[in-house]
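Have a look at the structure below before the remarks.
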2 protein chains.
Amino acid sequence: MAVGIKDLAREAGLSVATVSKALNEYADVSEETRQRVREIARLLNYQPNVTARGLQSRRTNMVGLVIPTMEPHLSDDPYFLDLLAGIADEAAEHEFALLLTRCAPGPKERTCYQKIVRGRRVDGLIVVRTRSQDQRVAYLLEEGFPFVTFGRTDQGLDFPFVDVDGTQGVYDATRYLIGLGHRRIGFIAAPEGLMFGFHRQEGFRKAMEEAGLAMEPGLLARGDLTLQSGDVAMGQLLDRDPPPTAVVACNDLMALGAMRAARKRGLWVGRDLAVVGFDDTHVAAHSRPSLTTVSQPIYDIGILLCRMLLQTLQGKPLEVRQILLRPALVIRESSGGTIS
Amino acid sequence: MAVGIKDLAREAGLSVATVSKALNEYADVSEETRQRVREIARLLNYQPNVTARGLQSRRTNMVGLVIPTMEPHLSDDPYFLDLLAGIADEAAEHEFALLLTRCAPGPKERTCYQKIVRGRRVDGLIVVRTRSQDQRVAYLLEEGFPFVTFGRTDQGLDFPFVDVDGTQGVYDATRYLIGLGHRRIGFIAAPEGLMFGFHRQEGFRKAMEEAGLAMEPGLLARGDLTLQSGDVAMGQLLDRDPPPTAVVACNDLMALGAMRAARKRGLWVGRDLAVVGFDDTHVAAHSRPSLTTVSQPIYDIGILLCRMLLQTLQGKPLEVRQILLRPALVIRESSGGTIS
DNA sequence: CCTTGACCCGAAAACGATTTCGGAGTATAA
DNA sequence: TTATACTCCGAAATCGTTTTCGGGTCAAGG
């Protein structure tokens, strides 16, 4: 059933070597045989065995991505899909494929990466959702394995990355709220260790400090990025006396949860209370009230990440190894809270 | 840098053959050497080269999935991500990885599949979003390549699949609307050729027919599954005179678009007008008003699909080759439309 | 006529593992 | 003592390509 290069050789009355060279644009094969071989290959629908070719060339033509979420359901992070789309599209553009795995952060993670790296399962990796002390980055650097990350880390290592300036984003959002007159602003943080959560929180701190506003510990809650946790966190914030008049959440999902919690208490978000999120996922635009949030071009980031990785795989050094994108504040209904 | 089986052999003073057998639980190697080899492998952090192993075993330990959407951004189909998660999780469970590609339906599609199949890039494929005359299914069957689909087709071919009974789902939803007193019910259909769209529309037709209600052509609009197209389609429906009092959309996204269109015309969905969707994506639960929709266990479907595929790859015949799941109507606010 | 070079082609060695098969060594039975 | 069986181990083939390197043919040049 499967037709190999030997079949072509037999059919053409040539050696496999010549056939191989004919198909791969070698110079030392006559134009005539090249055409003949091509024709036969077309007729027999020949496609070279990727594995064999990979063994010989020591390349897999695949980039890998390990999704590091805890929960089985991924839709909690809707932006992952757009990121994947960007990566897959750019990869396809260069005849690469995307190898997808999932592995929760933890002790098994190292093994997972070892299998991929030492087993040469892919040519390069894209690491997402970086952590402050990221063992994955350290490991890949130590192995000298090609990779690019989405996000920076906090361990003083040098490696190529693309990141969104979360500090700037949340800073802008918070200043906007302050500009509206808000003074008691709550913050729903991400789990500790997540680099993007840290940066975003920094933006909040900075904006508040600049405005001479105290950051009450009581106005800082922490969630785990899920909608439910945003609901719970918002409940804690609203229990304060006096409660905040505005709340910044570390991501859209928690912002949505926060809105739900407010609603349950009879508060009208966008009037009694302002809420802003981060990510500008599709839900943000179509929730009621629509969510004011900070937008990052996630699909394009996927493209960018993949492009950078592929370029290093080709041996070409990157002109720009580290990219920090400035996100944009998107103002919608949820931030129209009254100045209390 | 890379440590191969030869390195282990040299280190252990054994032949590569013995080392290989020691690591692979062969009987003809003494317990003592087995232990020693294992220890050395552990120390050197040996991981067998996946490509070489694959060439020998003629298996890649990968399942493939080609995403067949037209648009670059995938979030239009939020459920894809959960499906991927299910597949990836189940694959990981069996030491498999998921190879992801994207290829829009069209003439290039066949080439894309040929490369994968004849190039033996993966051991088996998962085909999603089946079409009535699906060339992909026909091709895979013709090649005798292992695959499972999410969705049936309309070409009288026999192959393993998992599907959700869209007819039943929309039937239930429509009957529910009829039960509320609605008589003029619109339908926003999916692009032609998509099998799930056909089934869902059938459910609508059946319910209407049973209730003795006419299916006016003017109350049938067609979208392309995006939110925008739902908006447009709803516009057309509301231009009818008299307009429908309820609308069933083929998926949640178009339902959301429909709600937006209604809102733009000053209609209050859930009071002036009923809208129901299909999929029960996360947006559905958190839109305002929340969306009444038909729910399918998409993550579990991913698990199921992958499990079926892996089982056939192991040579075990499937006890159940074709699975039709019954979806559940989830009643929320958007269907609370007045009986006109 | 011999040499040189250009032009094609094929034998064979990789790539890194697995798997077959035979052989050496030792213990047991005749 | 010899035959037999059993335990381990290693040489070599294999998977399907690519790539190196040498050789054969033929025309042109000396």
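The values are calculated or read from the model by the stated rules, or taken from the named source; none is laboratory data. Nothing here was measured: the structure is a model prediction, and the numbers come from that model. Heads up, the Cβs are rebuilt from the backbone with ideal geometry, glycines too, and the neighbour counts pull from every protein chain shown. Quick note on the areas: whole protein, heavy atoms, side chains included, nothing else; ligands and nucleic acids left out. Shrake-Rupley method; radii C 1.70, N 1.55, O 1.52, S 1.80 Å.
Are there chymotrypsin sites (Phe, Trp or Tyr not before Pro) in the stretch A:236-340 that DSSP marks as loop and that have at most 14 other Cβ atoms within 10 Å, and which are they?
Qualifying residues, ordered by number: A:Trp268.
For the stretch B:54-124, what Kirkwood radius comes out of the mean inverse Cα-Cα distance, in Å?
About 13.3 Å for the stretch B:54-124.
Between copies, how far does the label point of A:Gln311 sit from its twins, in nm, shortest first, when each point is 7 Å from Cα along Cα→Cβ?
4.8
At 222 nm, what value in deg cm²/dmol follows for chain B if DSSP H runs of at least 4 each add -39500 (n - 2.57) and the sum is divided by all its residues, to the nearest 500?
-13500 deg cm²/dmol
Over 10 Å intervals from 0, what percent of Cα-Cα pairs in the stretch B:76-211 sits in each interval?
10, 34, 32, 16, 7, 1
Across peptide A:57-65, how many C-beta atoms of other chains are within 10 Å of each residue C-beta, on average?
Taking the mean over all residues of the peptide, I get 2.
In the stretch A:40-110, which GluC sites (Glu not before Pro) are in a loop and have at most 12 other Cβ atoms within 10 Å, using DSSP for the loop call? Could the numbers behind the result be given before it?
On the way: sites: A:Glu90, A:Glu93, A:Glu95, A:Glu109; in loops: A:Glu95.
Taking the stretch A:40-110 and a limit of 12 other Cβ atoms within 10 Å, the loop GluC sites (Glu not before Pro) found are A:Glu95.
On average over all directions, what projected area in square nanometres does the stretch A:269-340 have, based on the convex hull of its Cα atoms?
5.7
In Å², and per residue, what accessible area does the stretch B:5-48 have when probed at 1.4 Å with the other protein chains present?
The answer is 63 Å² per residue.
Placing a label point 7 Å from Cα toward Cβ, how far apart in nm is B:Glu209 from its equivalents in the other copies, listed shortest first to one decimal?
So the label point of B:Glu209 gives 7.0 nm to the other copies.
In terms of the ratio Rg/(2.2 N^0.38 Å) built on C-alpha atoms, what value belongs to the stretch A:1-90?
Expressed relative to 2.2 N^0.38 Å, the Cα Rg reads 1.65.
Assigning unit charges at the beta carbon (Lys, Arg +1; Asp, Glu -1) and nothing else, what dipole magnitude in debye, to the nearest 20, does the stretch B:5-48 show about its Cα centre?
Result for the stretch B:5-48 is approximately 140 debye, rounded to the nearest 20.
Give the carbon-plus-sulfur fraction of the accessible surface of chain A in %, rounded to a whole number; probe 1.4 Å, heavy atoms of protein chains only. If you can, show how the numbers build up before the last one.
Values: 7410 of 14260 Å².
Answer for chain A: carbon and sulfur cover 52 percent of the accessible area.
Which three lengths, in whole Å and largest first, does chain B cover when its Cα atoms are put on their principal axes?
Extents along the principal axes, in whole Å: 88, 38, 35.
Keeping all protein chains in place, calculate the accessible area per residue for the stretch A:166-296 (probe 1.4 angstrom), answer in Å². Don't jump to the answer; show the numbers that get you there.
Numbers: 4690 Å² over 131 residues.
With the other protein chains kept in place, the stretch A:166-296 gives 36 Å² per residue.
Counting other Cβ atoms within 10 Å, keep those with at most 12, restrict to DSSP loop, and tell me which chymotrypsin sites (Phe, Trp or Tyr not before Pro) in the stretch A:1-102 are left. Walk me through the numbers on the way to the answer.
Working: sites: A:Tyr26, A:Tyr46, A:Tyr79, A:Phe80, A:Phe96; in loops: A:Tyr26, A:Tyr46, A:Phe96.
The qualifying sites are A:Tyr26.
Based on Cα coordinates alone, diagonalise the gyration tensor for the stretch B:120-169, multiply each eigenvalue by 5, take square roots, and list the semi-axes in whole Å, largest first. Don't skip to the end; give the middle numbers.
Numbers: eigenvalues 83, 29, 13 Å².
Each semi-axis is √(5λ); the values are 20, 12, 8 Å.
Cβ under 15 Å from B:Arg152's Cβ, B:Arg152 left aside: what net charge do those residues give with Lys, Arg +1 and Asp, Glu -1?
0
Count the net charge of all other residues whose Cβ sits under 12 Å from the Cβ of A:Gly4, scoring Lys and Arg as +1 and Asp and Glu as -1. All intermediate terms of the calculation are to be shown ahead of the outcome.
Working: positive: A:Lys6, A:Arg10, A:Arg53, B:Arg58, B:Arg118, B:Arg120; negative: A:Asp7, A:Glu11.
Taking every Cβ under 12 Å from that of A:Gly4, the sum is +4.
Taking only the C-alpha atoms, wrap a convex hull around the protein assembly as shown and report its volume per residue in Å³ as a whole number.
186
Along the three principal axes, how long is the stretch A:201-340 when you take its alpha carbons, biggest first, rounded to the nearest angstrom?
The Cα atoms of the stretch A:201-340 stretch 59, 34, 24 Å along their principal axes.
Would you work out the Kirkwood radius for the stretch A:272-313? I mean one over the mean of 1/r across all pairs of different Cα atoms, in Å.
In the stretch A:272-313 this quantity evaluates to 12.1 Å.
Going by amide H atoms built from the backbone, whose H comes under 5 Å of the H on B:Arg288, apart from near neighbours?
Amide H neighbours of B:Arg288: A:Arg288.
Which of the listed residues, A:Pro105, A:Thr226, B:Gln311, is farthest toward the dipole's positive end in the protein assembly as shown, when Lys, Arg count +1 and Asp, Glu count -1 at the beta-carbon?
B:Gln311
Can you bin the stretch A:160-201 into rounded, prolate or oblate? Criterion: square roots of the alpha carbon gyration tensor eigenvalues sorted a ≥ b ≥ c, rounded for a/c under 1.5, prolate for a/b above b/c, oblate for the rest. Don't skip to the answer; put the middle values down first.
Values: a/c = 5.63, a/b = 1.72, b/c = 3.28.
Oblate, because a/c is 1.5 or more while a/b does not exceed b/c.
Among the Cys residues of chain A, which have no other cysteine Cβ under 4.7 angstrom away?
A:Cys250, A:Cys306 - these cysteines have no disulfide-compatible partner (Cβ-Cβ under 4.7 Å) in chain A.
What do you get for Rg/Rh of the stretch B:5-48 when both radii come from the Cα atoms and Rh is the Kirkwood radius? Walk me through the intermediate numbers first.
Working: Rg = 8.9 Å, Rh = 9.9 Å.
Over the Cα atoms of the stretch B:5-48, Rg/Rh equals 0.90.
On the rotation axis linking copies A and B, which residue of A comes nearest by its Cβ, and by how many whole Å?
A:Arg288, 1
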